[in-house]
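Asks: Just dropping this structure here.
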Amino acid sequence: MRLKKPLGSLKDKLRLLLFITILLTLAIGLTSIGLSQNLQYKLDHLINKDVSKILYALELSKDSQELELITVKLKSFSTDKQRVELLNKLSEQWVEIEKKLLTLINLEDDKTQIQQLHNHLDSIKLATEQIPLLEQLTEIAQEAQIQASHLHLNMNLIEKGFSRAISNELTQLDQMANTQLSQQKYTQLQQSIDDHRELSDFLHKGVQVFRLAAEVDEGADNHINNQLQRETMRHYLALKHHSISSVTASEIKQDWLSQIRPNLIGPSNLFISSRDALNSSRIANVHLEIQAEAAAEIALFSSVLVKRVEQQVEVEGRQLKNDSIAFVILVFFAGVLYTFLIWLTNWHFIAKGIIQPVIATSNAMQAIANEKQNAPLPQADNLELQQMVTSLETLRSYAAQVKSISEIDGLTGAYNRRFFDHKLSQALTSVVHLDPFISIILFDVDNFKQFNDRYGHVTGDQCLKRITKAIKNMPEMQGQIFARFGGEEFIVFLTSTDNRIASLIAELMRKEIVKLAIPHADSLHQQIITISVGVNTISSDIGITVEELIHQADLALYQAKASGKNTIYPNYLEVQDPTCRKVTEFKA
Ligand SMILES: Nc1nc2c(ncn2[C@@H]2O[C@H](COP(=O)(O)OP(=O)(O)OP(=O)(O)O)[C@@H](O)[C@H]2O)c(=O)[nH]1
């Protein structure tokens, strides 16, 4: 057997509705907050992280390029002050680059990128560690450079002095030769000519030495400078071993050789200084290249990072746009769903649970008030409504009882006088328009006082009940208003029934009572209960009141009584059939 589902309370349902609404509101609210925070986070990430990353990466690239520029300048500085300034700038630039790398590490989420940034930090460390060495190398290079320049200058001055002195000596020899020629001192002249030639050769060789020494370049390749050195030394040796017979020229020779020698052979001669300058600046340049390479790598990394973050920003921006659209759509549909659910729950709980039952109850009450006993009651789907329906059922039951009380005679079960009057009044109102005739049958139990007196009131009551039952069960009485008129008097009214038919029915009624054969010792008619019947008929075109109609029926009854009882007396106001008045025709 299927168990009936217990009804829930509307109050509980409304509480549940409130709970669901709060839950729904909270769910939608929390989801919206969550989604908007997610969007906010993404936006923050885009603006604060990605954009900052691009800015720092761009600055990093710029700083790295500046550092490269410093390394280039450091390869060709001219003064020591400039060198020191450039080296300081180099250190500062590395510090700046390091700071930006650290900021980028903080901004970066990608582990590979972070690792790369750390690698660059390591190369910065190496580069900065090399700066003191670079300082030394550039200093040595510069000193060697200065030394070489100094020697060049020295050689230049010696060359000028040498050329001037030898030229003077040659001029003097020329003059001496001219004098000897004029004096025709041919032997001496020959000696002067020889001395002049020797000195001229010496000058020529010396000029060769100076020319070669001047070609030594600190910027040139060591191979070239070595060749120059060999060449110079060869010419120097030739100069040194140049034979000069003149004592004076020989002294001049020795003097100039002693001046030239330290510059070419000394501990820090022109070639050594040039090589030192070249080598030191070469090593410094290698170190500067390493620095420049590290900077270039950082610059390259920065530009790649910028591109990558730009692409990331583009993707994230697109994603953010899509997320924003999705968020708006989601919130819109959540709102629609929320409204729909609120409407649905309201409809279910308020419209269906309250308004519809109230209307149904109102209709049911209206029906009860209109005495429609079979009117449907509302369908209960909650406890409160169930209580209301139960009350309505009770009310309907009470209404039915009241109706019954107000219409039915308590003893006999026939209609009562009030109901009869009401129905007759209605019939009289309608008969004017519809019924051609309306007849009243009024009967009274004969000698009932004596019956009561002899058999008692209880038996009298039973007698009245049997009479009522017998009359009610007559086929002719079906659908007719049969009422207890008062005491032992009963009344019937028959619509659309003329006096003749009504009289026939009245006679059948009288016979029905006779048939009952209720013993009545004091009756003059076979010592059984009998009735006397008065019939009154009116036609529809006669305006008559209920009281008058009944009064006429009462007069007919009186006539029946007066005629010896157990008889009927038909009265018809508009007499069409005179035989109707002949009471004897109906006698049993
Ligand atoms: N048992 C009983 N008697 C009733 C009831 N109502 C009225 N009666 C009695 O009916 C009797 C009517 O008496 P009467 O008016 O003298 O009429 P009657 O004796 O029938 O005489 P007639 O009408 O001339 O034949 C009274 O004795 C009433 O007490 C009732 O409900 N039960």
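Asks: Can you give me the angle between helix 457-472 and the longest principal axis of the chain, using Cα atoms only, in degrees from 0 to 90, rounded to the nearest 10?
Replies: Tilt relative to the chain: about 70 degrees.
Asks: Another question, then. From the phi of every residue in segment 131-141, what ³J(HN,Hα) in whole Hz does the Karplus formula 6.51 cos²θ - 1.76 cosθ + 1.60 yield, where θ is phi - 60° and glycine or proline is x?
Replies: Result, rounded to whole Hz: 4, x, 4, 4, 4, 4, 4, 5, 5, 4, 4.
Asks: Using a Förster distance of 51 Å, how high is the FRET efficiency between S182 and E92, based on the Cβ-Cβ distance and rounded to 0.05? Don't jump to the answer; show the numbers that get you there.
Replies: Details: r = 79 Å, r/R0 = 1.55.
Once rounded, the FRET efficiency stands at 0.05.
Asks: Add -39500 (n - 2.57) for each DSSP H run of 4 or more in the chain, then divide by its residues: what number comes out at 222 nm, to the nearest 500 deg cm²/dmol? Could you put the intermediate results ahead of the total?
Replies: On the way: 15 runs with 416 residues, N = 588.
Using -39500 (n - 2.57) per qualifying helix, the result is -25500 deg cm²/dmol.
Asks: Cα extents of the chain along the three principal axes, largest first, in whole Å?
Replies: 230, 46, 35
Asks: Now, a different point. Evaluate E = 1/(1 + (r/R0)^6) for E251 and I193, where r is the Cβ-Cβ distance and R0 equals 22 Å; express this FRET efficiency to the nearest 0.05. Don't skip to the answer; put the middle values down first.
Replies: On the way: r = 20 Å, r/R0 = 0.90.
In this case the efficiency is close to 0.65.
Asks: Taking all protein chains together and a probe of 1.4 Å, list K53, K99, K565 from the most accessible to the least accessible. Could you put the intermediate results ahead of the total?
Replies: On the way: K53 0, K99 110, K565 55 Å².
So, going from the largest accessible area down, we get K99, K565, K53.
Asks: Kindly write out, for segment 155-165 in residue order, the coupling ³J(HN,Hα) from the Karplus curve 6.51 cos²θ - 1.76 cosθ + 1.60 (θ = phi - 60°), rounded to whole Hz, with x marking Gly and Pro.
Replies: Going residue by residue, I get 4, 5, 5, 4, 4, 4, x, 4, 4, 5, 5 Hz, with x marking Gly and Pro.
Asks: Then there's this: Which values, in whole Å and largest first, are the semi-axes of the equivalent ellipsoid of segment 144-278 obtained as the square root of 5 times each eigenvalue of the Cα gyration tensor?
Replies: Working: eigenvalues 250, 30, 23 Å².
Calculated on Cα positions only, the semi-axes equal 35, 12, 11 Å.
Asks: Rounded to a whole number of µm²/s, how large is the Stokes-Einstein D of segment 1-160 at 37 °C and 0.692 mPa s, given Rh as the Kirkwood radius over C-alpha pairs?
Replies: Numbers: Rh = 22.4 Å.
Taking Rh from Cα pairs, D becomes 147 µm²/s.
Asks: Taking amide H positions as placed in the peptide plane 1.01 Å from N, state which residues far from I481 in sequence (5 or more) or on other chains have amide H under 5 Å from it.
Replies: F493
Asks: Within the chain, what's the longest stretch lacking GluC sites (Glu not before Pro) that sit in DSSP loops with no more than 15 other Cβ atoms inside 10 Å? Kindly include the intermediate steps, with their values, before the conclusion.
Replies: Details: sites that count: E371, E574.
Free of exposed loop sites, the longest segment is 1-370.
Asks: Then there's this: Given the peptides 237-249, 462-474, arrange them by the average over their residues of other C-beta atoms within 10 Å, most packed first. Don't skip to the answer; put the middle values down first.
Replies: Details: 237-249: 14.4, 462-474: 17.2.
My ranking of the peptides, most packed first, is 462-474, 237-249.
Asks: Calculated FRET efficiency, W343 and S406, Cβ-Cβ r, R0 41 Å, to nearest 0.05?
Replies: Numbers: r = 47 Å, r/R0 = 1.16.
It comes to 0.30.
Asks: Please determine, in degrees from 0 to 90 and to the nearest 10, the orientation of helix 356-369 with respect to the longest principal axis defined by the Cα atoms of the chain, where the helix direction is its Cα long axis.
Replies: Rounded to the nearest ten degrees, it is 10.
Asks: In nm, what is the difference between 0.36 nm times the number of residues separating L39 and L157 and their Cα-Cα distance? Provide the component values of the computation, followed by the final result.
Replies: On the way: separation 118, 0.36 × 118 = 42.48 nm, distance 8.12 nm.
Result for the pair: 34.4 nm of gain on full extension.
Asks: Too long at a 31 Å Cα-Cα cut-off: which of K42/K307; K403/K465; K125/K321; K73/K125; K449/K515; K403/K515? Don't skip to the end; give the middle numbers.
Replies: Working: K42/K307 20 Å; K403/K465 21 Å; K125/K321 42 Å; K73/K125 22 Å; K449/K515 21 Å; K403/K515 33 Å.
Exceeds cut-off: K125/K321; K403/K515.
Asks: Given the chain, what percent of its DSSP beta bridges are antiparallel, to the nearest 5?
Replies: Numbers: 23 of 30 bridges.
Expressed as a percentage, antiparallel bridges in the chain total about 75.
Asks: If each of N370 and K73 carries a label point 7 Å out from its Cα toward its Cβ, how far apart are those two points in nm?
Replies: 10.9
Asks: Further question: When the Karplus curve 6.51 cos²θ - 1.76 cosθ + 1.60 is applied with θ = phi - 60°, which whole-Hz ³J(HN,Hα) does each residue of segment 206-223 get, with x for Gly and Pro?
Replies: Once θ is set to phi - 60°, the couplings for segment 206-223 become x, 4, 4, 4, 5, 4, 5, 4, 5, 6, 4, 10, 5, x, 7, 6, 4, 4 Hz.
Asks: Quick one: helix 270-345 against the long Cα principal axis of the chain, what's the angle to the nearest 10°, folded into 0 to 90?
Replies: Around 10 degrees separate the two axes.
Asks: Using a cut-off of under 17 Å, list every residue of segment 86-109 whose amide N is near the label point 7 Å from the Cα of L121 along the Cα-to-beta-carbon line.
Replies: So the set is 94-109.
The values are calculated or read from the model by the stated rules, or taken from the named source; none is laboratory data. This structure is a prediction, so every number in the text was calculated from the model and none was measured. As a convention, Cβ positions derive from the backbone with ideal geometry for all residues, glycine included, and neighbour counts pool all protein chains shown. Surface accessibility is based on the protein's heavy atoms, side chains included, excluding ligands, DNA and RNA. Shrake-Rupley method; radii C 1.70, N 1.55, O 1.52, S 1.80 Å.
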